[in-house]
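The values are calculated or read from the model by the stated rules, or taken from the named source; none is laboratory data. From a predicted model like this one, the values you see are computed outputs, not experimental measurements. All Cβ positions, glycine included, derive from the backbone under ideal geometry; neighbour counts span all protein chains shown.
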């Protein structure tokens, strides 16, 4: 997260937002942010969202996720939103999206569905 | 769809609902509807939703999907909801869920994220 | 499985094969077997493969899977192969494929990656 | 790739290997390499593998992928292997794995299944 320049923008029960400002070093050849960076902030948003529902003595680990990259990640800032859809003792299922902002308008550039495991410390 | 006893409950631009009544022959050993039936109606709902956004001379084919089975599919009827999240000339991305109803209350039992291809006839 | 006409063709430690003969009632409009049937036998093959690695007092449940449908399922018989790639106390990860046979030649028509949970009875 | 310190280790028709040496700045709190880095090199290996099968005037873009993170990415070096499983005019389906090496022994730490689109330049 620090490497990417991402910050935790909001934490609510079952929903976490992570903000990422545009930065040239995150870009691939065509001037849009690399899918790896988009994936990382969205995976993190889902993981932190899951953590808000985990038992107090647990950490969380992503068991798996699937991401659709809908369009090039063009914008001056990005917001990853992770939401808990279902949480049990053991597994939490989250969905998430990344919004790319140009001024106040945004487009959704990625969608995720993730399975996260509660791990007792 | 006919084999399962499923019916098209609603068709709107970018959103399709498919209804499935409970039936014993769809059940596995524990009295809940088999994941295969749940997956089929949800894949169909996503496919039909994609079709509402496809060019007029195109059919649609699921390229891939991912489904999370959140809890056992217990209920007296089921509703699969497929929604288009993004549609291009070639690919459509849908998300979907299956709701299991007991009377008027429902629980979401499955979540899907699918990629569907427009195929010129 | 019985509804589809599928049978367990082979069970080894960490690998299970399920056979499905062609049948007209499994077909969609174009004469190939419906994705729902292909998905069901592949999910079952992965689930049974996971069961061969599960602790003796456990059942298995698919938490999620992703399937790519590579080409139309045309053939006179089909073989779903599920293989365990990783198994822990709690979660098993399987990959699988469905082969469509025309005589002795075959093509792979579907690929799956699945996460299966051990559930204590 | 350069940001991560990853290099192209081998390119064959339909199969690409990407090497990543261990580096402290890629680690999360527990001393293993972050899932974001593992995901990035595996997505890249699948993308480059797809490129070896793409028509000469095409670029490739990942439409979507699913990754299972099997165990913590502990090792002194990592190898991401992407393989083409099916390629058409439009879509290529790849599978991939990341191996974590400690000396000459390795464990598979991640599995991917990806759908990649050919895009005419």
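General observations
- Qualifying positions in segment B:29-54 - in a helix (DSSP H, G or I) and surrounded by fewer than 19 Cβ atoms within 10 Å (Cβ to Cβ): B:51
- For segment D:1-11, filtering for residues that are within 14 Å of chain A (Cβ to nearest Cβ) and in contact (Cβ under 8 Å) with a residue 12 or more places away in the chain leaves 4.
- Residue D:35 passes every criterion in (1) touching a strand residue (DSSP E or B) at 6+ places or on another chain (Cβ under 7 Å); (2) at pLDDT 95 or above apart from (2).
- Selection status of residue C:93, in contact (Cβ under 8 Å) with a residue 24 or more places away in the chain, buried (at least 16 other Cβ atoms within 10 Å of the Cβ) and over 12 Å from the mean Cα position of the chain (by Cα): no
- Selection over segment B:12-46 of residues that are under 17 Å from the mean Cα position of the chain (by Cα) and either over 15 Å from residue B:98 (Cα atoms) or at the interface with another protein chain (Cβ under 9 Å from one of its Cβ atoms) (or both) gives a count of 13.
- Matching residues in segment A:1-21 - criterion: being in a loop (DSSP other than H, G, I, E, B) and buried (at least 19 other Cβ atoms within 10 Å of the Cβ): A:4, A:6
- Of all residues making up segment D:63-90, the number that are within 19 Å of residue A:69 (Cα to Cα) and in contact (Cβ under 8 Å) with a residue 40 or more places away in the chain: 7
- Any hit, segment A:76-97, residues being out of contact with any helix residue (DSSP H, G or I) (no Cβ under 7 Å at 6 or more places or on another chain), outside any strand (DSSP E or B) and away from every other protein chain (no Cβ under 12 Å): yes
- Considering residues of segment D:55-70 that are out of contact with any helix residue (DSSP H, G or I) (no Cβ under 7 Å at 6 or more places or on another chain) and more than 7 Å from every other protein chain (Cβ to nearest Cβ) only, the residue surrounded by the most Cβ atoms within 10 Å (Cβ to Cβ): D:58
- Any hit, segment D:98-112, residues being in contact (Cβ under 8 Å) with a residue 40 or more places away in the chain, surrounded by fewer than 20 Cβ atoms within 10 Å (Cβ to Cβ), within 13 Å of another protein chain (Cβ to nearest Cβ) and not in a helix (DSSP H, G or I): no
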